[in-house]
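*Asks:* One structure, pasted below without further comment.
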Amino acid sequence: MDAVLEDYRTSPLSDQEKALFAFVDRVNTDSNTLEPEDLRLAVAAGWTEEALYDAITVCALFNFYNRWVDAAGVSDMPHEAYLASGERLGTQGYIPASPPPGSVP
């Protein structure tokens, strides 16, 4: 993960994953100048147009949420809360095995 965060281009990701990261990088930094060639390169690497649409959507939503959080002044969680959240997601996934007490099913 550190190598990907440092530079996905030189990381141990597969060529297919690097092609997706390159596409998302363009979406994130230069979406108004995307060309059919950008899509062609990602499709040639093995990504479907549906997968690329999903990548565009996730990228756009993260940009929206990051700007909203920053502008609204939402405070960050402490480091320990991120660790606990990662542990919970790693062992339980996104959907709890049983609803919390008092919740409406």
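Every read-out reported here was derived from the displayed coordinates using simple, explicitly stated rules and does not represent laboratory data. Because the structure is predicted, anything quoted here is derived from the model rather than measured. All Cβ positions, glycine included, derive from the backbone under ideal geometry; neighbour counts span all protein chains shown.
*Asks:* Within segment 36-51, track down each residue that is among the acidic types (Asp, Glu) and loosely packed, with under 10 Cβ neighbours inside 10 Å.
*Replies:* Hits for segment 36-51 are Glu37, Glu50.
*Asks:* Are there any pairs with C-beta distances below 9 angstrom linking a residue in segment 13-29 that is more than 16 Å from Thr48 (Cβ to Cβ) to a residue that is part of a helix (DSSP H, G or I) and of a type in the set (Ser, Thr, Tyr), with the two at least 6 apart or on different chains, and if so which?
*Replies:* Matching pairs, first to second residue: Lys18/Tyr8; Phe21/Tyr8; Ala22/Tyr8; Asp25/Tyr8; Arg26/Thr33.
*Asks:* Kindly evaluate Leu39 against the criterion of being out of contact with any helix residue (DSSP H, G or I) (no Cβ under 9 Å at 6 or more places or on another chain) and in a helix (DSSP H, G or I).
*Replies:* No, not satisfied.
*Asks:* Hey, another quick one. Answer yes or no as to whether Ala81 is under 24 Å from Met1 (Cα atoms), part of a helix (DSSP H, G or I) and touching a helix residue (DSSP H, G or I) at 6+ places or on another chain (Cβ under 7 Å).
*Replies:* So Ala81 does not fit the description; no.
*Asks:* Quick check: is even one residue across segment 7-16 exposed (fewer than 10 other Cβ atoms within 10 Å of the Cβ) and not in a helix (DSSP H, G or I)?
*Replies:* Yes, there is a match, as at least one residue in segment 7-16 is exposed (fewer than 10 other Cβ atoms within 10 Å of the Cβ) and not in a helix (DSSP H, G or I).
*Asks:* Let me ask something else. Mind listing whichever residues of segment 28-83 are aromatic (Phe, Trp, Tyr) and over 20 Å from Asp15 (Cα atoms)?
*Replies:* Phe62, Phe64, Tyr65, Trp68, Tyr82
*Asks:* Something else now. Out of all the residues in segment 51-58, is one or more part of a loop (DSSP other than H, G, I, E, B) and without any contact (Cβ under 8 Å) to a residue 24 or more places away in the chain?
*Replies:* The answer is no, given that none of the residues of segment 51-58 is part of a loop (DSSP other than H, G, I, E, B) and without any contact (Cβ under 8 Å) to a residue 24 or more places away in the chain.
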